[in-house]
Amino acid sequence: MSRGRFYNPQFDLFLPTIVDLKFRDQKDTMERPFFSLSKSKRMKPIEYINENDGIFVTVQPHQDYGMATIWDADILIWAASVLCDMKNRGTNDIPRELKFQPHDLLKAIGRSTGGRDYAQLRDSLERLKTTVITTNMRVKRGQKTTMFSWIDQWDDLIDAQTKESKGVTLTVSDWFYRGVTEDGGVLSIDPAYFSITGGRERWLYSVARKHAGGNGANGFGITMPVLFDKSGAEGTYRRFKFEILRIIQRNDLPGFSLAVPSESDGEPLVHMVRREHVGEGGHQEWKPNLKQPPRARPTQPTTEQSIGDLPLLRPIIRTLSERTIVSIRNECPGWDIYALQNDFDEWLDADPSRLPKDYEAAFQGWVRKHHARNRAQLA
């Protein structure tokens with residue numbers, strides 16, 4: 001059930017409305033591996049170093065909460081957007097502390113506003129507070145490294161009678177604040193970003209926006225191994241490569257087209273360009289070779305066979321009709337359908353043999369089993 005908005009004048013001053021807010025993301029976080037790309041609890045640290053420029057990033061998860069995810073980072077995008085709005089309006093002494101209504105933030109980043117969504121928001125804030133980053137990016141003069149969490153503090157003011165939130169206060173870290181408020185520290189992003197369900201897809205959008213967004217018809221090219229290193233993704237390079245090729249084949253990121261040039265030798269070169277420049281500068285939408293007869297069941301590569309040798313899987317349309325959504329809500333009430341859809345997509349992508357003939361029917365069957373196993377969590 002969706003909750004209404006609690007009005008509290010102390011938490012409504014100066015913040016832009018959802019309609020007015022222009023979304024911005026901090027540039028340094030858009031290509032380096034700062035976040036987990038999976039919704040499952042990650043306990044393995046991220047350890048990244050660029051041998052060319054010496055830039056390193058280490059991300060340590062919390063033993064209880066795990067690592068901040070790329071979905072948790074939606075809160076940081078919102079915070080960066082609010083800070084930029086204040087800067088553009090000429091606000092003096094832009095604060096690191098932001099006060100807001102949870103309802104407004106959830107609506108702004110495309111989330112539902114039910115009780116489960118409020119609980120997930122608090123979990124996200126806790127992961128952002130407890131994940132610890134160490135890096136030599138943008139260190140202060142005289143320092144070699146800096147250590148911080150994404151937010152220094154957050155507090156939720158609870159109404160004594162209704163037990164509902166009257167407003168949340170969060171304080172972003174100094175490192176993040178300086179990166180947002182310095183000139184040229186942010187890039188605009190498409191609001192459709194928040195509708196991207198997959199973690200790898202979200203990260204690929206950020207990479208494309210950072211490097212190809214202002215590069216015209218030339219776009220941006222990056223080899224698959226470098227992309228893997230920059231992602232911080234768990235699992236093997238082989239699995240990562242397979243999943244990225246699947247994403248490129250679907251080619252449905254908002255505003256950007258992805259391709260693998262047909263003349264690529266060795267490891268694939270991933271090319272990114274704004275969609276309005278497709279067909280210019282050598283970038284063509286990728287049309288995989290389908291001359292070979294399709295296999296009855298896609299198989300995992302053997303140790304002697306590389307993923308590049310396997311035929312690419314046909315794309316599946318991962319959309320849900322209104323009829324299916326209503327049917328699931330009636331049959332399995334209480335769940336966030338879109339969160340479940342993201343979990344289902346990750347489950348599909350983990351094993352190519354799970355590719356369904358009917359996506360909606362397969363998803364509905366998967367939700368029924370999930371509901372049967374986990375309905376006690378809704379109590």
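The values are calculated or read from the model by the stated rules, or taken from the named source; none is laboratory data. Because the structure is predicted, anything quoted here is derived from the model rather than measured. Note that we place each Cβ from the backbone using ideal geometry, even for glycine, and neighbour counts take in every protein chain shown. We work out accessible area using only protein heavy atoms, side chains counted, and drop any ligands, DNA or RNA first. Shrake-Rupley method; radii C 1.70, N 1.55, O 1.52, S 1.80 Å.
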List, please: which pairs have Cβ atoms under 6 Å, are six or more places apart or on different chains, and start with a residue in region 204-230 that is on the phi < 0 side of the Ramachandran plot and open to solvent by 10 Å² or more (accessible area, probe 1.4 Å) and end with one that is hydroxyl-bearing (Ser, Thr, Tyr) and part of a helix (DSSP H, G or I)?
Phe228/Tyr237
Single unsatisfied condition, Glu201 versus (1) open to solvent by less than 50 Å² (accessible area, probe 1.4 Å); (2) closer than 28 Å to Met86 by Cβ:
(2)
Which listed residue is among the aromatic types (Phe, Trp, Tyr) and farther than 22 Å from Tyr48 by Cβ, from Phe148, Phe100, Phe176
Phe100
For helices (runs of 4 or more DSSP H) lying entirely in region 195-281, having 3 or more residues that are over 16 Å from the mean Cα position of the chain (by Cα) picks out 224-231, 237-250
What are the residues in region 1-26 that are within 24 Å of Ile196 (Cα to Cα), surrounded by fewer than 17 Cβ atoms within 10 Å (Cβ to Cβ) and either among the small types (Gly, Ala, Ser) or at pLDDT 90 or above (or both), if any?
Ser2, Lys22
Could you list all residues from region 31-43 that are hydrophobic (A, V, I, L, M, F, W, C) and either farther than 15 Å from Trp175 by Cβ or open to solvent by 10 Å² or more (accessible area, probe 1.4 Å) (or both)?
Phe35, Leu37, Met43
Scanning for something modelled with pLDDT of 90 or more, out of contact with any helix residue (DSSP H, G or I) (no Cβ under 8 Å at 6 or more places or on another chain) and open to solvent by 10 Å² or more (accessible area, probe 1.4 Å), does region 257-267 turn up at least one residue?
no
Within region 128-166, restricting to residues that are in contact with a strand residue (DSSP E or B) (Cβ under 6 Å, 6 or more places away or on another chain) and among the charged types (D, E, K, R), the one that is modelled with the lowest pLDDT is Asp159
Among the strands (runs of 3 or more DSSP E) lying completely within region 118-168, list those that include at least 1 residues that are at positive phi, open to solvent by 50 Å² or more (accessible area, probe 1.4 Å) and among the hydroxyl-bearing types (Ser, Thr, Tyr).
none
Restricting attention to region 347-364, which residues are within 17 Å of Arg238 (Cβ to Cβ) and in contact with a Ser or Thr (Cβ under 9 Å, 6 or more places away or on another chain)?
Pro352, Ser353
Filter result for Ser81 (part of a helix (DSSP H, G or I), more than 15 Å from Leu21 (Cβ to Cβ), of a type in the set (Ser, Thr, Tyr) and open to solvent by less than 40 Å² (accessible area, probe 1.4 Å)):
no
Six or more apart or on different chains, Cβ under 6 Å: which pairs go from a residue in region 170-183 that's within 15 Å of Ile75 (Cβ to Cβ) to one that's among the charged types (D, E, K, R) and open to solvent by 10 Å² or more (accessible area, probe 1.4 Å)? Could you list them?
Thr171/Arg96; Thr171/Glu97; Thr171/Asp152; Val172/Arg96; Ser173/Asp152; Tyr177/Arg96
Could you check, for region 115-137, whether at least one of its residues is more than 24 Å from the chain's Cα centre (by Cα) and free of Cβ contacts under 8 Å to residues at least 12 places away in the same chain?
no
Quick one: Leu125 ticks every box in (1) touching a Leu at 6+ places or on another chain (Cβ under 7 Å); (2) at pLDDT below 95 bar one, so which box is it?
(2)
